[in-house]
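Following: one structure in structure tokens, then a few remarks.
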Amino acid sequence: MELNRGLHLAYCTNIHRGEDWAQTFRSLKTDVMSVRDRVSQNKAYAIGLRLSDLASRELSDPAVLETFQQWLKDQNCYIFTINGFPFGNFHGTRVKEQVYVPDWTSKDRLEYTNRLFDLIAVLAPDGVDGSVSTLPGSFKEFITEESQEIQIRENIWQCVEHISELSARTGKALHLGLEPEPCGYFETSTETLYFFESLYAHHPNDSRLYEHLGVNYDTCHLAVEYEEPRTAIGALRDAGLRISKLHLSAALIVQPDDTVKGNLKAFEDDVYLHQVIEKTRLGTLNRYRDLDTALAAGGEAEEWRIHFHVPLHSPDGDWFKTTREHTEGVLDLLQEDPQLCSHLEMETYTWEVLPNQIKNLDVVEQLVGEYEWTLGELTARGLA
């Protein structure tokens with residue numbers, strides 16, 4: 001939905017199953033419309049679309065795309081952003097580190113992302129930017145040779161060239177957001193800056209990088225990294241980086257004593273990675289690729305931050321807190337400068353694997369609750 005100061009808000013439909021276009025479209029016509037009917041009140045409703053590689057190929061058929069465009073018009077809906085991080089199956093099967101496959105060393109990732117831009121260039125309304133978010137190059141463990149780093153830079157550069165040509169041809173402002181994530185090829189603001197600096201060094205003084213490439217800032221991910229919004233976003237902007245999209249999401253914070261570790265067993269699942277960053281009593285940070293690895297490590301720590309997306313409106317529990325304060329800090333920055341970023345997307349894709357103590361609503365009710373919380377925070381800041 002369009003808010004004040006040219007902002008657009010949606011929730012990411014990666015919360016729903018949709019591995020081919022038929023399944024994706026079915027979720028749009030059912031769950032998404034049920035949420036729309038509760039929160040939009042006859043205003044144009046924005047959809048944060050998630051398309052798998054297969055679904056993107058099927059939607060690229062001209063007849064299928066035309067049918068979808070007509071449906072959007074009939075339903076008073078529009079698309080301004082696509083989540084291009086998960087390439088393949090994202091629900092009901094083991095995803096884990098395979099969510100990074102194929103990564104940006106692969107032409108398959110490049111072709112998939114280019115195709116998403118071909119679609120958003122058609123779907124985004126005139127006068128509205130079109131964005132696509134993607135993974136931070138690769139999974140850190142996958143990168144063992146310099147040649148892989150070179151290939152990542154080259155493929156992303158080729159994508160920027162495609163976006164630039166598409167923008168010039170269609171008159172649409174289009175941009176790709178690389179999404180730092182714990183244990184990603186770049187995960188912190190410092191590592192993100194280093195990656196962009198290396199890319200700029202190979203393409204000096206090329207304005208296309210600044211216009212069409214930026215950062216998808218996920219408030220869950222950067223909070224897990226113990227970053228502070230004003231410092232992290234300030235550093236990115238000081239370097240001239242575009243904030244392509246803001247993912248509004250929250251992670252878990254716990255003090256990992258034996259009781260808490262027992263409670264965390266309910267948060268282990270076989271589908272998604274739940275990276276853990278541990279803060280020791282000396283203030284140093286240790287990283288674990290998944291929750292089971294952290295639980296097996298033993299030892300004492302002052303705090304764990306866990307990459308497990310929990311609903312933004314979920315209250316703190318008896319034994320855990322959430323990183324919602326980081327999201328609030330980002331919204332404070334947006335209040336100070338609404339030009340920071342116009343694309344806002346709520347992303348809590350973990351509904352199917354949430355433990356019962358948090359998963360006490362059906363998916364539509366949860367999403368309505370997230371809208372209510374987010375719109376309340378934006379309204380308090382004069383942004384909605």
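The values are calculated or read from the model by the stated rules, or taken from the named source; none is laboratory data. Note that the structure is a prediction, hence the values are computed from the model and not measured. Heads up, the Cβs are rebuilt from the backbone with ideal geometry, glycines too, and the neighbour counts pull from every protein chain shown. Ligands, DNA and RNA are stripped out before the accessible areas are found, and what is left, the full protein with its side chains, is counted by its heavy atoms. Shrake-Rupley method; radii C 1.70, N 1.55, O 1.52, S 1.80 Å.
General remarks:
- Taking every residue in the stretch 306-328 that is at negative phi and hydrophobic (A, V, I, L, M, F, W, C) and pairing it with any residue that is open to solvent by 10 Å² or more (accessible area, probe 1.4 Å) and in a strand (DSSP E or B), at least 6 positions away or on another chain, the pairs with Cβ-Cβ distances below 8 Å are Ile306/Ile253; Val310/Thr322; Phe320/Ile253.
- Here the strands (runs of 3 or more DSSP E) wholly within the stretch 1-86 that include at least 3 residues being touching a residue at least 24 places away in the same chain (Cβ under 8 Å), crowded, with 21+ Cβ neighbours inside 10 Å and not hydrophobic (A, V, I, L, M, F, W, C) are 45-50.
- The one condition in (1) open to solvent by 50 Å² or more (accessible area, probe 1.4 Å); (2) not in a loop (DSSP other than H, G, I, E, B) that Asn89 fails to fulfil: (2)
- Qualifying residue in the stretch 276-288 (condition: within 27 Å of Leu344 (Cα to Cα) and crowded, with 20+ Cβ neighbours inside 10 Å): yes
- Those residues of the stretch 130-154 which are assigned to a loop (DSSP other than H, G, I, E, B) and open to solvent by 10 Å² or more (accessible area, probe 1.4 Å), in sequence order: Ile143, Thr144, Glu145
- Looking only at residues of the stretch 297-316 that are over 22 Å from Glu352 (Cα atoms) and modelled with pLDDT under 95, we find that the one that is surrounded by the most Cβ atoms within 10 Å (Cβ to Cβ) is Ala301.
- Taking the listed residues Thr188, Thr192, the one that is open to solvent by less than 10 Å² (accessible area, probe 1.4 Å) and polar (S, T, N, Q) is Thr192, with no other qualifying.
- Filtered residues of the stretch 158-184 (kept if open to solvent by 40 Å² or more (accessible area, probe 1.4 Å) and assigned to a loop (DSSP other than H, G, I, E, B)): Gly171, Ala173
- Residues that are more than 17 Å from the chain's Cα centre (by Cα) and either touching a residue at least 60 places away in the same chain (Cβ under 8 Å) or outside any loop (DSSP other than H, G, I, E, B) (or both), drawn from the stretch 357-368: Gln357, Val363, Val364, Glu365, Gln366, Val368
- Per-region count, the stretch 90-113, residues among the polar types (S, T, N, Q) and under 18 Å from Thr348 (Cα atoms): 1
- Among (1) more than 26 Å from Lys245 (Cβ to Cβ); (2) part of a helix (DSSP H, G or I); (3) touching a residue at least 12 places away in the same chain (Cβ under 8 Å), the one test that Gln335 misses: (1)
- Of the criteria (1) touching a helix residue (DSSP H, G or I) at 6+ places or on another chain (Cβ under 8 Å); (2) of a type outside the set (D, E, K, R); (3) open to solvent by 40 Å² or more (accessible area, probe 1.4 Å), which one Thr293 fails: (1)
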